[in-house]
Amino acid sequence: MASSPAVDVSCRRREKRRQLDARRSKCRIRLGGHMEQWCLLKERLGFSLHSQLAKFLLDRYTSSGCVLCAAESAAWCPGFGGLAAKMGGLCGSAQQAIPSPGDPL
């Protein structure tokens, strides 16, 4: 006995939704218990989208003008154990400059 067209359509929709969810989950970033801090920073900086804040932070992190590394020797950077000069100022310590929820900007 063949299944009804409504059941086939429902199964196809469910499968398509599952595939889309799987594709989207590859782009998700887990913040764990830091969602409140993330949203507060997003609001403080005036971004309406999470992707805008993410882009801003990535650009700041990879900029050649890393304030923390510029203050120290170009060869020393806590985030990469001395690789800052080789990586053009890429500094893992830049995340320390991100304000906490209680800190003023």
Do any helices (runs of 4 or more DSSP H) entirely within the chain hold 3 or more residues that are modelled with pLDDT of 75 or more, and if so, which? 5-25, 35-44, 50-62
Quick check: is even one residue across the range 25-37 touching a residue at least 60 places away in the same chain (Cβ under 8 Å) and surrounded by 10 or more Cβ atoms within 10 Å (Cβ to Cβ)? yes
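The values are calculated or read from the model by the stated rules, or taken from the named source; none is laboratory data. Keep in mind the model is a prediction, meaning the values are calculated, not measured. We place every Cβ from the backbone using ideal geometry, glycine too, and count neighbours over all the protein chains shown.
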